[in-house]
Amino acid sequence: MDTILKIENVSKTYTGHKALDNVSMEIGRGTIYGLLGPNGAGKSTLIRIINRITLPDCGKVMLNGHEITTEDIMKIGYLPEERGLYKKMRVGEQAVFFARLKGLDRTTARKRLMDWFERLSITDWWDKKIEDLSKGMAQKVQFICTVIHQPELLIFDEPFSGFDPINADLLKREILRLRDNGATVIFSTHNMESVEEICDSMTLINKSRNILSGSVEEIRRKAGANIFQIVFSDMTRPLAEITGNKAECIGESESIIGGFTQQKIHIASDDDVHDVIAAVNDNCRLRSFQEIVPTMNDIFIRAVNDQL
Amino acid sequence: MSRIGIIISREFKERVQKKSFIIMTILTPVLMIALGAAPTLMMLHSTGDAKQIVVVDDTEGAFVGRALKSGSLVSFQLLENMTRQEAIVAYSDEDKAFGILWVGRDFVRHPDNVKLITNTSSSVMIEEEISGQLSDILKVARLHEYNIDNIEQILADADVKVSLATMKNDGSGDDGNMEQMSSDIATMISLVFGMMLYMFIIIYGQQVLASVIEEKQSRVLDVMVTSCTPFEMMMGKILGIAAVAAVQVAIWCVLISFASQFLIPMIPMEEMENPAFASTISTTFGDIFYILKLFAMLLLYIIGGFLLYASLFAAAGSAVDVNQDAQQFNTIIMLPIILGLIVMMSVFNDPNSPMALWFSIIPFTSPIVMMARIPFDIPFWQIAVSLTTLYASFILSTWIAARIYRIGIFMHGKKPSWKDLGSWLRTK
C-alpha cells in the first residue's frame, strides 16, 4: 500500500487522563479513512496531533515518509467539528480570503470558487453575509473553503453533522469525487452508516486505544464470521444431523409468510460452507441461503463492548 | 502576498469599510472640540435666569447696595427701609427672592460683617460673584479714604492686563525672529494629544481583545489553524488594526493641516482680547511643519503604544471564552494606561520634572506622558530613548503574548488562572 500518513505509537496524557494510548495506523494514499469511536474516545486528540495543534508525549506522525512539519499542515484541508466563519463577512469575500491563505491567487481562487458554488448550487449566496445563512448553508461554504486549494490530504471532523439527508448525500458524493481525483480523506465520525457508505478503511478508537483497524470490507467480513440465514420448508431432520455437525443454529427459528421458516446458522469453517449448502438443499425445500454481514453499527457496538 | 499580509488586509478592510469608521474619523475632531468647549458652554448656560437677591445695607448711604451691579447670574434689589429681620421674614419664600444679602454698618473696617441668607441651596458661582463684587467695592471704598484726587481715573489706568510674549531662545541674539511659544497653547495641545493617545490605546486595544474573543467564540480560529500559524494570526490582527489607527491619524493630520492653512488665517487676530496669545495661536497652528512634526510623533507613539498593549490584549482575549472572563486580565493591562493618564495631568505644571521624564521613558506609560510633553519642546534625545525603549518593549511583549496566544486559542471551558498562563508561557 502506498502510505501517505503513518501514525506510529502515539500517546498523549492530559493531567491524569490518558487521551491516546500507543495508537498506530497507516493511511493509504487516495483512500477515505474513517476514524471511529464513541464520544471522548480520543479521535479529536488524534486529529489535533496530526494537525500539530497538540504535540504527542511520544510517537510520531509521518507524512509522505517524513515527520510532519508546520508547512505540511498549512497544505492540509481541515474541517473541524466546531466550525465557524466570520459572521459579518460576505460569503464570496470570505471564501477568497481562506483560499488566498492557502496560497491561491485571487483570480484562481475566484474561478475555482465559482465552479464549486455552481456544483453545490449556491451561486446566489456570493454576496450574502454569513450571519444571514442557516447553519447548513454555512457548512456548505465551510466545506468549499476546506477543499478549495485541492489538498492531497483532507481531514473532516464530523462532516455531516448539521446537514439534512439531501445535502448530506450531496456532500458524500463530493467526498467520493475528491477521493477519485486523488485526494486522501480522513474523517472522524460516530455515524456508522456514513462509514459503511464511503470509507475504504477505518480505525476504531475506544478508551484511547486502537481496537480495530483495517479495510471496511475485511472488518465486516471478519466480524460476520460465517453467519448465514436460511429460509426453507419441509425440513425432515434436525440441521445438525443433516450437516454432520458442520453447522449449528443460532437462536430460535421463525415462521414467516408463505409457510417458510427462517433460521440463523453458524458454520464453523469456511471450507464447509459449500457442503452445508448442499446438505441443506438435499433435505428440504430451500428458498434462500444468504450470508449475513453485520452492519458497522453492530460491529461498533460489539467492539466497544469487547465482544469482538 | 504573505499569509500575514492577507490577514492584515482582511482586518484592515473589515474596519475601514464600516460606516462607523468613516463617521467616527470625521466626527471625532468635532467631538473633541465640543468636549473641550462643553464645560465653558455648560457654565454659561446652566445657570438659567438671574437669581434675585434683596440687599439690606446698613452702611452709610447704603453705598454697597447701590454699587452692586446686577448681571446675568445675579440681580440685586436694594431694600431701603427694611431691617435685616424684617427682610428675612418678608422674603422667606423662594418665589420672592433667592436670598437676602445683609451688609453690616462697619463693613469697610470689618469685611466679614456681611451675610448671605438664602431660601434655597446656594452655588459656588453665585457666592463667587457676590464676594467678588463686594471685594471690588471694598477696595475702592478704602482707597477713597486716602482722599486722592482722580482716584477713579487712577484705578482705571491701573487696571491693565499684561500680554506676555514668550520666545524660545535660539541663541541668535535676534529676538524678533525667535520662535514664539505659549505655555497655554502647549498645555492645550499636550492635553489633546495625551488624551488622544489614551483613547487610541484603549479603543483600539479593546477592539483587539473583543475581536480575538469573537474569533474564538465563533470557532473561526479552529478553521484558521491549518491555514496559518497562531503567531501569524495574532500579528496579522494587531498590525491590521494598527494600520486602521494609522489611517485615522493620517486623515486627521490632513484635516488639521487644511484647517491650519486655510482657516487659521481667516481668524481676525487683531480683534482678540489678548493679541500676544492670538498671535501665538496663529503662528503655532499656522505652521504646517509644526503640525506635521506633532502628527509624526503622534503616529509613532500611537503605533508603538498600541502595538505594546495590543499583543497583551490579544493574549488576554485568547485565554478566555467570553468577554466577562476577560475583565480580570483587562483591568491589569489597563492599570498602567490609567497611570499614564494621571501622570500626564501633572506634566502641565512642570514638563521637565524627574517624574515626567521617567514616566515618558518607561514604555508602559511613555506614549501618553511623552506625547503630553512633546508640545513643551523637550530635548530630542529624550524622545529617541523613549521611542527605542517603547519599540523594544513591543517586541518583548509580543513574544510573551504569542506564547500565551498559541495555547490560549485552543483552550475552551474554564477560565485559566495566572498559574495556567505561566505554564503556557513555559510550554515548549
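Can you give the angle from 0 to 90° between the axis of helix A:165-180 and the longest principal axis of chain A, with both taken from C-alpha atoms, to the nearest 10?
In chain A, helix A:165-180 runs at an angle near 80 degrees to the longest axis.
So, for chain B, what is the accessible surface per residue at a probe of 1.4 Å, expressed in square angstrom?
Value returned for chain B: 52 Å² of accessible area per residue.
Rounded to the nearest 20 debye, what is the charge dipole size of the stretch A:17-68 about its Cα centre when +1 sits on each Lys and Arg Cβ and -1 on each Asp and Glu Cβ?
140 debye
Give me the accessible area per residue for the stretch A:190-308, probe 1.4 Å, as a whole number in Å².
57 Å²
Shape of the stretch A:20-157 from its Cα gyration tensor (a ≥ b ≥ c, root eigenvalues): rounded if a/c is under 1.5, otherwise prolate when a/b > b/c, or oblate?
Prolate, since a/c reaches 1.5 and a/b exceeds b/c.
Leaving out ligands and nucleic acids, note down the accessible area per residue over the stretch A:103-169 with a 1.4 angstrom probe, in whole Å².
48 Å²
Using helices alone, what [θ] at 222 nm do you get for chain B, with -39,500 (n - 2.57) per DSSP H run of 4 or more residues, divided over all residues and rounded to the nearest 500?
That comes out to -21500 deg cm²/dmol.
Which percent of the accessible heavy-atom area of the stretch B:305-428 goes to carbon and sulfur, probe 1.4 angstrom?
Carbon and sulfur together cover 72 percent of it.
So what are the radius of gyration and Dmax for the Cα set of the protein assembly as shown, in Å?
Cα-based Rg and Dmax for the protein assembly as shown come out at 42.1, 154 Å.
Could you pull out every residue, at least 5 positions away or on a different chain, whose amide H is within less than 5 Å of the one on A:GLY103? Hs are placed 1.01 Å off N in the peptide plane, and Pro or chain starts have none.
Amide H to amide H, under 5 Å and 5 or more residues apart or across chains, A:GLY103 pairs with nothing.
I want to verify a result. In a Gaussian network model of chain A, Cα cutoff 10 Å, which of these has the top mean-square fluctuation: A:PHE289, A:PHE163, A:PHE97?
A:PHE289
Report the relative contact order of the stretch B:40-150, percent, no decimals, based on alpha-carbon pairs under 8 angstrom and at least 6 residues apart.
It rounds to 26 percent for the stretch B:40-150.
Sort chain A into rounded, prolate or oblate with this rule: let a ≥ b ≥ c be the square roots of the eigenvalues of the Cα gyration tensor; rounded if a/c is under 1.5, and if a/c is not under 1.5, prolate when a/b is larger than b/c, oblate otherwise.
Judged from the Cα gyration tensor, chain A comes out prolate (a/c at least 1.5, a/b above b/c).
Output the residues of the stretch B:385-428 meeting this criterion: accessible area (heavy atoms, 1.4 Å probe) in the chain alone minus accessible area with all protein chains in place is 50 Å² or greater.
Buried-area filter returns B:PHE410.
Calculate the mean, over all residues of peptide B:223-235, of how many other protein chain Cβ atoms lie within 10 angstrom of the residue's Cβ.
Per-residue shielding by partner chains comes out at 6.
Let me confirm one metric for peptide A:141-153, namely the mean number of other chain beta-carbon atoms within 10 Å of its residues' beta-carbons.
1
What is the percent carbon and sulfur in the accessible area of chain A, measuring with a 1.4 Å probe over the protein chains and ignoring ligands?
Carbon plus sulfur share of accessible area: 45 percent.
With the Cα gyration tensor of chain B giving a ≥ b ≥ c as the square roots of its eigenvalues, does the rule (a/c under 1.5 for rounded; else a/b larger than b/c for prolate; else oblate) give rounded, prolate or oblate?
prolate
Using only protein heavy atoms and a 1.4 Å probe, how much accessible area in total is buried between A and B, to the nearest 100 Å²?
That pair hides around 2300 Å² of surface in total.
Give a residue-ordered list of calculated ³J(HN,Hα) values for the stretch A:75-82 (Karplus: 6.51 cos²θ - 1.76 cosθ + 1.60, θ = phi - 60°; whole Hz; x for Gly, Pro).
8, 5, x, 10, 10, x, 5, 8
Mind checking the angle between helix B:288-319 and chain B's longest principal axis? C-alpha axes, 0 to 90 degrees, to the nearest 10.
That works out to roughly 60 degrees.
Placing +1 on the Cβ of each Lys and Arg and -1 on the Cβ of each Asp and Glu in the protein assembly as shown, which of B:SER393, A:SER213, A:ILE301 has its Cα farthest towards the positive end of the resulting dipole?
Farthest towards the positive end: A:SER213.
Roughly to the nearest percent, how much of the accessible area of the stretch B:114-240 is carbon and sulfur, given a 1.4 Å probe?
Reported share for carbon and sulfur atoms: 54 percent.
Counting only other chains, what is the mean number of Cβ atoms within 10 angstrom of the Cβ of each residue in peptide B:2-14?
Mean shielding by partner chains, rounded to a whole number: 3.
Which cross-chain or sequence-distant (5 or more) residues have an amide H under 5 Å from the amide H of A:LEU79, H modelled 1.01 Å from N in plane?
The answer is A:ILE155, A:PHE156, A:ASP157.
Measure off 7 Å from each Cα along the Cα-to-Cβ vector at A:ASN64 and B:LEU396, then give the distance between these two points in nanometres to one decimal.
The two pseudo-label positions are separated by 4.3 nm.
Putting +1 on Lys and Arg Cβ atoms and -1 on Asp and Glu Cβ atoms, find which of A:SER269, A:ILE256, A:CYS284 reaches farthest to the positive end of the dipole of the stretch A:220-308.
Sorting the options by dipole projection puts first A:ILE256.
Search the structure for amide H atoms under 5 Å from the amide H of A:ARG29, placed 1.01 Å from N in the peptide plane, and list their residues when 5 or more places away or on another chain.
Amide H neighbours of A:ARG29: A:ASP2, A:THR3, A:ILE4.
Using only the alpha-carbon atoms, how far is helix B:275-286 inclined from the longest principal axis of chain B? Give it as 0 to 90 degrees, nearest 10.
Approximately 20 degrees, to the nearest 10.
Zone of B:MET32 (label point 7 Å along Cα→Cβ, backbone N under 17 Å): which residues in the stretch B:356-390?
Only B:367-376 pass the distance filter.
How large is the accessible surface of A:ARG106 in square angstrom, using a 1.4 angstrom probe and rounding to the nearest 10?
The accessible area of A:ARG106 comes to roughly 120 Å².
The values are calculated or read from the model by the stated rules, or taken from the named source; none is laboratory data. As the structure is a computational prediction, the values presented were derived from the model and not from experiment. Don't worry about glycine lacking a Cβ; one is built from the backbone with ideal geometry, like all the others, and counts go over all protein chains shown. Heads up: the accessible areas ignore ligands, DNA and RNA and are worked out on the full protein's heavy atoms, side chains in. Shrake-Rupley method; radii C 1.70, N 1.55, O 1.52, S 1.80 Å.
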